[in-house]
Each structure stands twice: as structure tokens, then as C-alpha cells.
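K.L.:
Sharing a structure below in C-alpha cells format, with a few things to ask.
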Amino acid sequence: MRKNLLLLAAVLITALLGTGCANTERKFGRGMRNFTEIVRQGEMRRSVEQTALFESPDYAYTTGLVKGMNRMFTRTGVGIYEMVTAPFPPYDPVL
């Protein structure tokens, strides 16, 4: 009986994720892209550059670094959320 329930759960999860719904695929892909932000560190580099351009080069590696880290962790968290909730609506970007 226990093996049957595990098999049923595996089939249901596969059916949910493998239905071919474009919105689900798009949301999951966006989540994966945001999840890998912690490795890419694009938001951190962008924040340092923008702070150096618009505020002052003196603040670039202090204020810009902290802003970039905040944005990077936020984006990674949103990516995890979107990957977990990919099969469920709404499919629009969260942030």
C-alpha cells in the first residue's frame, strides 16, 4: 500500500510539471534565472556601477555593495519562490 501511494504521488507530480503549460514553464524558467543570481552577481555589479555614476565614486564599494547584496538576496529568494510555486497561478512576475 505504501509503495502504491509513493507511485501515485510521483505520477501526480510528474503530471503537474509535465503538462506542457507555457505559463508554468515560463515561471519556472524565470525562477531558475533568478535563483542563479547569487552565482552570477549581476545585481551587485550593477549597483556598484550605478552608485559610482549617480552618487559618488567614493560610495561605490560601500553603499553600492550593500545595495547590490540586498538586491541579489531578494532576487534569489524570489527565484526560489517562483520555482516552488511554478505549477500554481498566478504566472505573472512577482517582483
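The values are calculated or read from the model by the stated rules, or taken from the named source; none is laboratory data. These figures come from a predicted structure and were not determined experimentally. Here the Cβ positions follow ideal geometry from the backbone for every residue, glycine too, while neighbour counts run over all protein chains shown. Each accessible area value is taken on the protein alone, full model and side chains, heavy atoms only, with ligands, DNA and RNA left out. Shrake-Rupley method; radii C 1.70, N 1.55, O 1.52, S 1.80 Å.
K.L.:
Where the accessible area of the chain is counted over protein heavy atoms with a 1.4 Å probe, how much of it, in %, is carbon and sulfur?
P.N.:
Numbers: 4660 of 7060 Å².
Exposed carbon and sulfur together represent 66 percent of the surface.
K.L.:
Sort K3, K27 from largest to smallest accessible area, using a 1.4 Å probe on the heavy atoms of the protein chains. Don't jump to the answer; show the numbers that get you there.
P.N.:
Details: K3 170, K27 5 Å².
Heavy-atom accessible area, descending, gives K3, K27.
K.L.:
At 1.4 Å probe radius, can you tell me the per residue accessible area of the chain in Å²?
P.N.:
For the chain, the solvent-accessible area averages 74 Å² per residue.
K.L.:
While we're looking at this one, here's another question. Short version: ³J(HN,Hα) in whole Hz for each residue of segment 67-79, in order, from phi by Karplus 6.51 cos²θ - 1.76 cosθ + 1.60 (θ = phi - 60°), x for Gly and Pro, what are they?
P.N.:
4, x, 5, 4, 5, 5, 5, 5, 5, 5, x, 5, x
K.L.:
Please list the three semi-axes, largest first and in whole Å, of the ellipsoid equivalent to the chain, using sqrt of 5 times the eigenvalues of its alpha carbon gyration tensor. Let's see the in-between values first.
P.N.:
Details: eigenvalues 313, 34, 14 Å².
For the chain, the semi-axes come out at 40, 13, 8 Å.
K.L.:
Here's a follow-up. Work through the residues other than E82 whose Cβ is under 11 Å from its Cβ and net out their charges, Lys, Arg +1 and Asp, Glu -1. If you can, show how the numbers build up before the last one.
P.N.:
Numbers: positive: R26, K27, R30, R33, R75; negative: D92.
Net charge around E82: +4.
K.L.:
Using θ = phi - 60° and the Karplus form 6.51 cos²θ - 1.76 cosθ + 1.60, what ³J(HN,Hα) does each residue of segment 41-55 get, whole Hz, x for Gly and Pro?
P.N.:
3J(HN,Hα) across segment 41-55, in whole Hz: 6, x, 5, 5, 4, 5, 5, 5, 5, 5, 5, 5, 6, 9, 10.
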